[in-house]
1. Since Gly33 meets every condition but one in (1) open to solvent by less than 50 Å² (accessible area, probe 1.4 Å); (2) modelled with pLDDT of 90 or more; (3) assigned to a helix (DSSP H, G or I); (4) not polar (S, T, N, Q), which condition does it not meet?
2. Of the residues that sit in the range 228-261 and are over 17 Å from Ala138 (Cβ atoms) and open to solvent by 70 Å² or more (accessible area, probe 1.4 Å), which one is farthest from the chain's Cα centre (by Cα)?
3. Tally time: how many residues in the range 126-147 are modelled with pLDDT of 90 or more and surrounded by fewer than 16 Cβ atoms within 10 Å (Cβ to Cβ)?
4. Among the residues of the range 262-278, is any open to solvent by less than 50 Å² (accessible area, probe 1.4 Å), touching a Pro at 6+ places or on another chain (Cβ under 7 Å) and closer than 16 Å to Gly216 by Cα?
5. Is it the case that the range 233-253 has a residue that's in a helix (DSSP H, G or I), of a type in the set (Gly, Ala, Ser) and farther than 30 Å from Leu144 by Cβ?
6. For the range 80-99, what are the residues that are under 24 Å from Arg118 (Cα atoms) and either small (Gly, Ala, Ser) or touching a Lys or Arg at 6+ places or on another chain (Cβ under 8 Å) (or both)?
7. What pairs come out if I take residues in the range 11-40 that are free of Cβ contacts under 8 Å to residues at least 40 places away in the same chain and more than 20 Å from Ala134 (Cβ to Cβ) and pair them with residues that are surrounded by 13 or more Cβ atoms within 10 Å (Cβ to Cβ) and not β-branched (Val, Ile, Thr) whose C-beta lies under 9 Å away, six or more apart or interchain?
8. Counting just the residues of the range 148-182 that are more than 19 Å from Ala234 (Cβ to Cβ) and among the β-branched types (Val, Ile, Thr), which one comes out surrounded by the most Cβ atoms within 10 Å (Cβ to Cβ)?
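The values are calculated or read from the model by the stated rules, or taken from the named source; none is laboratory data. Predicted model only: the values in this text are computed from it and were never measured. Cβ placement follows ideal geometry from the backbone for every residue including glycine, while neighbour counts extend to all protein chains displayed. Surface areas here come from the heavy atoms of the whole protein model, side chains and all, with no ligands, DNA or RNA. Shrake-Rupley method; radii C 1.70, N 1.55, O 1.52, S 1.80 Å.
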Amino acid sequence: AALPSGGKDVLAVEAQELRGAEAALRARFDLYGYREVMTPVLEFADVVERAQEGRLRDSFRLFDENGRVLVLRPGLTIPVARLVATRMADHPGPVRVSYLARAFRPPSPGHPRASEQRQAGIELVGEGGAAADAEVLALLVESLRATGLSGMRVGVGDVSLTTAVLDGLGISAGVRADLSAALAARNFVEWRRLAALALPSGPGSDLLRDLPSLRGGREVLARIASEVPPAAAACERLGLTLDLLAAQGAADAVILDLGILRDWSYYSGVVVEAYAPGVGTPI
């Protein structure tokens, strides 16, 4: 019998491999002190929409017996944030939780993908700064290695660093919105066009045009700090994160990639994408 669009059966061999990978992830999360939590598959749509400032898209919706709109959770971050804010509000100190569960998103027309996805993740709540960023990144690297992956790379962008550069160069809010849209579409040509219009010449003009294509290590941060001095503090914070990763033996898998940026109104610090050989999308 046919399955709904995006549906997929998992046969025994693949199921066994998945369970093995999940066991390796859970063990690594436990080692770092992240305790597993579970949230319902169904959430109230208005709660999720409020958390996403009305930008909830790509979700399966249905009604309960009282007529309230429900959604099958399209991701795990917001449900876990709701749990931490309500059920764990009196927790003393930073909260470290993990999850390994299913999320549901209808496939986009013309872009076939599984509508049911297994997501593994961790949330560190109540602690920030370079040490927290390094902890999360090191755990990501070690978790992927524990599943047997080799040759993977973890790209790290930083919304706060990009914002500091734009602040230092005096880029207006309207131009920033256009730049953000270009990045969201991965349209670096459009970024360069907008950057050239906003800052056609003078100090920092070349850096602004090149910003999403900058990749590497501390040399990237050195260039930014040199050409846009007001961004030096943000560069130093990210540099400290790299130093801490090196101390934990995870720096070899990490590369700075300032083209990795998402919705600037949703993210405020580091943004991460991990890649594995033979896989065409971030894992």
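1. (3)
2. Of the range 228-261, the ones over 17 Å from Ala138 (Cβ atoms) are 228-236, 257-261.
If we keep only those that are open to solvent by 70 Å² or more (accessible area, probe 1.4 Å) too, we end up with 229-230, 236.
Working: Pro229: 27, Pro230: 26, Glu236: 21 Å.
Restricting to residues being over 17 Å from Ala138 (Cβ atoms) and open to solvent by 70 Å² or more (accessible area, probe 1.4 Å), the top hit is Pro229.
3. The initial filter retains those residues of the range 126-147 that are modelled with pLDDT of 90 or more, namely 126-127, 129-147.
Within this subset, residues satisfying the condition of being surrounded by fewer than 16 Cβ atoms within 10 Å (Cβ to Cβ) are 126-127, 129, 131, 145.
Here the count works out to 5.
4. yes
5. Let us first name the residues in the range 233-253 that are in a helix (DSSP H, G or I), namely 233-247, 251-253.
Filter once more, keeping what is of a type in the set (Gly, Ala, Ser): 233-234, 239, 246-247, 251, 253.
Going one step further and asking which of them are farther than 30 Å from Leu144 by Cβ, we end up with 233.
Within the range 233-253, one or more residues are in a helix (DSSP H, G or I), of a type in the set (Gly, Ala, Ser) and farther than 30 Å from Leu144 by Cβ.
6. Ala81, Ala85, Arg96, Val97, Ser98
7. The qualifying pairs are Pro40/Arg73; Pro40/Pro79.
8. Here the residue is Val154.
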